[in-house]
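What follows is a set of notes on a single structure, which appears directly below.
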Amino acid sequence: IMGHSITGVSSTNNIHILLLIKGCFQLGIAPSDMPFFPMLPVDFVAKVVTEVSGRQKFLNKVYHLANLQGTSLTQIFEWLIERGYNFRFLATGDWKKEVLARITADNPFFPLMPLYLAEEGQEISKKISHEDDKIATNNFESFLLLSALEIPYLNKEHFMRYFDFLDSWLRETS
């Protein structure tokens, strides 16, 4: 869940991708080939929760809210570079090795390392039951078909709003 789609206001202490970005900025390196992240703005998620809770037929189900038109992490880093941030791109395997060699406990990315730096095939996300995930995603897709809501695509304009709000936080070193 990202910040608000209009104001850019975002939490800075619990959004994984923001902690990853800040940690990469502090190290000066970024992965060049990371996949897209299925991010959604908090205001869209709030609308979904409100609508689901207000309709009996949607209650008592699990919903995996995911934006299948996600934005790649590489693209996000490229937009940050346009804003004056300095990153050196490395292939993901080389990036993992360099992060492990250089990261310190005060880096915002440090607590998330097990999620992103696991050995190939050992990612924590792969331990989630794919069948349960499919059902939860299908519930969300069924809900969307019956609601008036459309999944927003988080484009450069949205991220510029997020960066406007987060700029001083991203640049602080501790």
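The values are calculated or read from the model by the stated rules, or taken from the named source; none is laboratory data. The model shown is predicted, which means the values in this text are computed figures rather than measured ones. Cβ atoms come from the backbone with ideal geometry, glycine included; neighbour counts cover every protein chain shown. For accessibility, only protein heavy atoms count, side chains too; no ligands or nucleic acids. Shrake-Rupley method; radii C 1.70, N 1.55, O 1.52, S 1.80 Å.
Only one residue in 110, 87 is at pLDDT 90 or above, within 19 Å of the chain's Cα centre (by Cα), more than 22 Å from residue 9 (Cα to Cα) and open to solvent by 60 Å² or more (accessible area, probe 1.4 Å), so which one is that? It would help to see each step written out before you state the result.
Numbers: 87 fails: open to solvent by 60 Å² or more (accessible area, probe 1.4 Å).
Going through 110, 87 in turn, just one is at pLDDT 90 or above, within 19 Å of the chain's Cα centre (by Cα), more than 22 Å from residue 9 (Cα to Cα) and open to solvent by 60 Å² or more (accessible area, probe 1.4 Å): 110.
Return the residues of segment 74-89 that are over 14 Å from residue 37 (Cβ atoms) and either in contact (Cβ under 8 Å) with a residue 24 or more places away in the chain or aromatic (Phe, Trp, Tyr) (or both); say none if nothing qualifies.
The first filter runs over segment 74-89 and keeps only residues over 14 Å from residue 37 (Cβ atoms), leaving 78, 80-89.
Of everything in segment 74-89, those that are over 14 Å from residue 37 (Cβ atoms) and either in contact (Cβ under 8 Å) with a residue 24 or more places away in the chain or aromatic (Phe, Trp, Tyr) (or both) turn out to be 80, 83, 85, 86, 87, 88, 89.
Show the residue pairs that are 6+ apart or on different chains and have beta-carbon atoms under 8 Å apart, the first residue being within segment 144-162 and touching a residue at least 12 places away in the same chain (Cβ under 8 Å), the second being aromatic (Phe, Trp, Tyr).
Note: pairs meeting the criteria are 149/44; 151/44; 152/44; 156/79; 159/79; 160/79.
To keep it simple, each residue is scored yes or no on (1) among the hydrophobic types (A, V, I, L, M, F, W, C); (2) closer than 30 Å to residue 81 by Cβ.
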{"position": "138", "(1), (2)": "no, no"}
{"position": "144", "(1), (2)": "yes, no"}
{"position": "158", "(1), (2)": "no, yes"}
{"position": "162", "(1), (2)": "no, yes"}
{"position": "166", "(1), (2)": "yes, yes"}
{"position": "169", "(1), (2)": "yes, yes"}
{"position": "173", "(1), (2)": "no, yes"}
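If I filter segment 38-56 down to residues being open to solvent by 40 Å² or more (accessible area, probe 1.4 Å) and without any contact (Cβ under 8 Å) to a residue 40 or more places away in the chain, which single residue comes out as nearest to residue 3 (Cα to Cα)?
So in segment 38-56, the residues open to solvent by 40 Å² or more (accessible area, probe 1.4 Å) come out as 38, 42, 46-47, 49-51, 53-56.
Filter once more, keeping what is without any contact (Cβ under 8 Å) to a residue 40 or more places away in the chain: 38, 46, 49-50, 53-56.
Values: 38: 13, 46: 11, 49: 16, 50: 17, 53: 22, 54: 24, 55: 26, 56: 28 Å.
Taking the candidates together, the pick is 46.
Looking at segment 15-37, which of its residues are open to solvent by less than 60 Å² (accessible area, probe 1.4 Å) and in a loop (DSSP other than H, G, I, E, B)?
Scanning segment 15-37 gives 15, 28, 32, 34.
So residue 94 clears everything in (1) touching a residue at least 24 places away in the same chain (Cβ under 8 Å); (2) over 30 Å from residue 161 (Cα atoms) except one condition, right? Which one?
(1)
For segment 90-107, which residues satisfy the criterion of being surrounded by 15 or more Cβ atoms within 10 Å (Cβ to Cβ), of a type in the set (Val, Ile, Thr) and more than 16 Å from residue 32 (Cα to Cα)?
103
If residue 27 passes every condition in (1) modelled with pLDDT of 95 or more; (2) closer than 29 Å to residue 141 by Cβ but one, which one does it miss?
Of everything listed in (1) modelled with pLDDT of 95 or more; (2) closer than 29 Å to residue 141 by Cβ, residue 27 misses just condition (2).
Suppose we filter 71, 12 for residues that are in contact (Cβ under 8 Å) with a residue 12 or more places away in the chain and open to solvent by less than 10 Å² (accessible area, probe 1.4 Å); which single one remains?
Details: 12 fails: open to solvent by less than 10 Å² (accessible area, probe 1.4 Å).
The unique qualifying residue is 71.
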